[in-house]
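What follows is a set of notes on a single structure, which appears directly below.
Quick note: the coordinates plus some simple rules give every number you see, no bench work behind them. As the structure is a computational prediction, the values presented were derived from the model and not from experiment. Note that we place each Cβ from the backbone using ideal geometry, even for glycine, and neighbour counts take in every protein chain shown.
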Amino acid sequence: MAEPNRPLRGVSLAQTLTTSLPPSADVYAGACCDDAAVVRPGDVYFAPRGDVTSVLPHAQRAAERGAAAIVTEQLLPLSSTPQYVVDSTRAAFGTFCHRLVGDPSLQITCVAVAGAYGKSSTAVLLESILSAAGASPAVCPSPAASSAAVTASWLAEQAADGATHALFEASEAAALDGRLDGLRLRAACLTNLAGAVPSREQSHAHRRAVLTAGLDQLGRGGLLAINADDQPSCRLLSEWLGQSVTHSTTGPADLVGTVTERHSGGQVLALRWRGTTAAVSTATIGDAHAQNCLAAAATAVGLGVDLVTVAKGLESAPPLPVRMQPVSRGQGFPVLLDASRDSATVARAAAAVSATTPGRLLTVIDCGAATPATDESAASLLAAASGRNSAVIAVRGRGRAKPNGEHLRWVDDRFTAIALAVALAEEGDAVLVTGCDPDAAPLECDEHLVSGLIERRLANTPPAAVGRAA
């Protein structure tokens, strides 16, 4: 249950909310909530969206518990409690929550990172850049369930602690639960939209609308950083009237980044911005990581950070959890862990590793996971590897019978798939384990499993044969 947002002072509802039917006497309140079951005397209750029949029982319960006012989207048959009618109670709830704690987003530079992929990584990279510039950024955690009240309280705490910037991941969950409602964004970064694959219940337009919902908090004077290599994002830019910074790996764009060197140990990205150039060396490889670096860099330069500092911040960024994460225990072949799950991101990760691998690429994909890569992803990877001595080791879904192919091997569980890939790898080969969970417990994560398998193989392999299949 959501706890009421309880500051120490009262706020005028009439001055805070845009209402079509204000009561005759204004209400000042020092707390609000959107759950009728936790209303306390003097709280403002924000009713859910719905018709009168479905909303009225909640409003009656809130009134019985002593609500000072009810904010609703239609006038309800309640005479004892003042009502404020608004277009959206969810948006009004966010606005009021932030006003109650002093509108901290007016004190801190707030930035949202939206898009289909790369949001978490881009936020980490941007945090590192801002830190290198001498700022004190904070990244808002993304709990499984949240609300605008939680976001407002967190932001107020960061302002009190001296934070200069607050970074938010404008995920689909954040859009659906309204946790960014009421924020005043100074900038927003849109990583991409081309990979926004809708569910069976969604259209492409609806999916993209959800992914860009967080941008609604960006005012006309705000900054929008856009991936110029992503056509759906560019169409959104054509409708934007405020400031913008575009980035691209090919150009033309305001900020251009070109991968000039790539090997199994990292890559070098050359940045060009308004006649200034800088080189960035990163341990993480792949076009996806290059795009994330550019997204963070474009946002930073738009906020006034110079390019040299941007490069310094990118290079000093902490390792991104299971984003092309290497596992090295002295074996003669690279093993990389990646969180990619769907066919598009798996294919991109495989292509990046394949480009730096002289031998075989052994890719592990999981078609039996809770959010699996589809069977088609195995087929696409196999097609991409045609003509090369590479292999895909796929975990089949429970109860599925799948025939093996020349370059495709189906197994029953993830442990077997990873163990087989490690056992088959020889010197010059590479192993890519996809579908890794960045939130897994230390003893349950793939890094722990892979490390143990490698160490076991090395212990049973003569030194002269390390890196060749036993």
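Just a few scattered comments:
- Residue 448-residue 172 FRET efficiency (beta carbon distance; Förster radius 35 Å; 0.05 resolution): 0.75
- Residue-wise HN-Hα coupling along the stretch 97-110, computed from phi with Karplus coefficients 6.51, -1.76, 1.60 (Hz; x: Gly, Pro): 4, 5, 5, 4, 9, x, 6, x, 6, 7, 9, 10, 6, 9
- Kirkwood-Stokes translational diffusion coefficient of the stretch 67-166, alpha-carbon pairs, 25 °C, 0.890 mPa s, µm²/s: 156 µm²/s
- Put a dot 7 Å past the Cα of residue 61, heading toward its Cβ, do the same for residue 142, and the two dots end up 3.1 nm apart.
- Packing rank of 120-128, 304-312, where each peptide gets the mean count of other beta carbons within 10 Å, highest leading: 120-128, 304-312
- Two-site label geometry, residue 216 and residue 75: point separation in nm, points 7 Å out along Cα→Cβ: 2.5 nm
- If R0 equals 51 Å, the separation of the Cβ atoms of residue 455 and residue 274 corresponds to a calculated FRET efficiency of about 0.55.
- Here the extension length gained between residue 40 and residue 404 equals 124.8 nm, from 0.36 nm per residue of separation less the Cα-Cα distance.
- Once the chain from residue 355 to residue 244 is taken as fully extended at 0.36 nm per residue, the excess over their C-alpha distance is 36.6 nm.
- Residue 71 long-range amide H proximity, modeled H, under 5 Å: 45, 46, 47, 84
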